[in-house]
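Note sheet for the following structure.
The values are calculated or read from the model by the stated rules, or taken from the named source; none is laboratory data. None of these values were measured; they are calculated from a predicted model. All Cβ positions, glycine included, derive from the backbone under ideal geometry; neighbour counts span all protein chains shown. Surface accessibility is based on the protein's heavy atoms, side chains included, excluding ligands, DNA and RNA. Shrake-Rupley method; radii C 1.70, N 1.55, O 1.52, S 1.80 Å.
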Amino acid sequence: MKSIENAKKKASRRYGANLWGDPKSPFNKREYAPGQHGQRRKKMTDYGEQLYAKQKMKTYYGNVSEKQFSKYYAEAIRRTGDAAENLVGLLESRLDNLVYKAKFASTVFASRQFVNHGHVTVNGKKVNIPSYMVKVGDVIEVREKSKQLPIVIAAVENTNRELPGYLEVDGKKLTAKYTFIPKLEDVAYGCVMEPNLVIEYYSR
């Protein structure tokens, strides 16, 4: 657990932002990176801003690999509608993200491990692939033998995080139904995300 928390803190320090909305984050009071030069912000090029937006978004969703992320981009532009909104919808539909958002795990990094270790089912079938794409109407559940794990109990009892509107969660049964694919405005990001810049980065 310590390594997971350290990864989370390290990521927030790297981007000088409270990526996951942690109420104890030092970046709630200051919006610059640590260190004596942290308050000096260099003006970024357009490319730099696009790259920064991409890296920040990849990190928010648990350090998604470049190969996977570029596939999400390709799918986002293939679908009808706004590509940036499509990208958000795809990332939010990942199983590890929804397990985290349902408060069955304390961080997205812990959620990835949790899914990987076979603690979760989708529509009654065990799924151990963190990047599994959950569909609207699917029901995620913590497996019976895993419901009393201390890490699960601690995550569920955490009052610092609110449940998103696109999940119907039963905190006693530890089930979560995915009710609709969210748009950017539906996701309570801890800091500003700019999926439009991510689309621009890959569209170069």
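Within the stretch 42-75, the residues that satisfy the criterion of being in a loop (DSSP other than H, G, I, E, B) and open to solvent by 30 Å² or more (accessible area, probe 1.4 Å) are K42, K43, M44, T45, N63, S65.
Let's see how each residue does on (1) within 17 Å of the chain's Cα centre (by Cα); (2) of a type outside the set (A, V, I, L, M, F, W, C); (3) farther than 18 Å from E185 by Cβ:
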residue: A102; (1), (2), (3): yes, no, yes
residue: A105; (1), (2), (3): yes, no, yes
residue: P130; (1), (2), (3): yes, yes, yes
residue: E144; (1), (2), (3): no, yes, yes
residue: I151; (1), (2), (3): no, no, yes
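Mind checking which pairs have a first residue in the stretch 128-150 that is touching a residue at least 12 places away in the same chain (Cβ under 8 Å) and a second that is part of a loop (DSSP other than H, G, I, E, B) and open to solvent by 60 Å² or more (accessible area, probe 1.4 Å), Cβ under 7 Å, 6 or more apart or different chains? Between residues of the stretch 128-150 that are touching a residue at least 12 places away in the same chain (Cβ under 8 Å) and residues that are part of a loop (DSSP other than H, G, I, E, B) and open to solvent by 60 Å² or more (accessible area, probe 1.4 Å), the close pairs are V136/F180; V136/I181; D138/N123; V139/N123. Cβ-Cβ below 9 Å, separation at least six or inter-chain, first residue in the stretch 156-170 and exposed (fewer than 13 other Cβ atoms within 10 Å of the Cβ), second of a type in the set (S, T, Y) and part of a loop (DSSP other than H, G, I, E, B): which pairs? Within 9 Å, the pairs are N158/S106; G165/T179. Selection over the stretch 164-186 of residues that are part of a loop (DSSP other than H, G, I, E, B) and at pLDDT 95 or above gives a count of 10. Take E5 and tell me if it is modelled with pLDDT of 95 or more, in a helix (DSSP H, G or I), out of contact with any Ser or Thr (no Cβ under 6 Å at 6 or more places or on another chain) and open to solvent by 30 Å² or more (accessible area, probe 1.4 Å). Criteria not met by E5.
Any residue at all in the stretch 77-95 that is out of contact with any Lys or Arg (no Cβ under 8 Å at 6 or more places or on another chain), surrounded by fewer than 16 Cβ atoms within 10 Å (Cβ to Cβ), assigned to a helix (DSSP H, G or I) and free of Cβ contacts under 8 Å to residues at least 40 places away in the same chain? There is at least one residue in the stretch 77-95 that is out of contact with any Lys or Arg (no Cβ under 8 Å at 6 or more places or on another chain), surrounded by fewer than 16 Cβ atoms within 10 Å (Cβ to Cβ), assigned to a helix (DSSP H, G or I) and free of Cβ contacts under 8 Å to residues at least 40 places away in the same chain. Can you find a residue in the stretch 185-198 that is under 30 Å from Q50 (Cα atoms), touching a helix residue (DSSP H, G or I) at 6+ places or on another chain (Cβ under 6 Å) and among the hydroxyl-bearing types (S, T, Y)? Checked the stretch 185-198: no residue is under 30 Å from Q50 (Cα atoms), touching a helix residue (DSSP H, G or I) at 6+ places or on another chain (Cβ under 6 Å) and among the hydroxyl-bearing types (S, T, Y). Taking the stretch 172-186 as the range and being touching a residue at least 60 places away in the same chain (Cβ under 8 Å) and either touching a Phe, Trp or Tyr at 6+ places or on another chain (Cβ under 6 Å) or surrounded by fewer than 18 Cβ atoms within 10 Å (Cβ to Cβ) (or both) as the test, the residues that pass are I181, P182, K183, L184. So how many residues does the stretch 108-123 have that are without any contact (Cβ under 8 Å) to a residue 40 or more places away in the chain, open to solvent by 30 Å² or more (accessible area, probe 1.4 Å) and under 24 Å from T59 (Cβ atoms)? Residues flagged as without any contact (Cβ under 8 Å) to a residue 40 or more places away in the chain, open to solvent by 30 Å² or more (accessible area, probe 1.4 Å) and under 24 Å from T59 (Cβ atoms) within the stretch 108-123 amount to 3.
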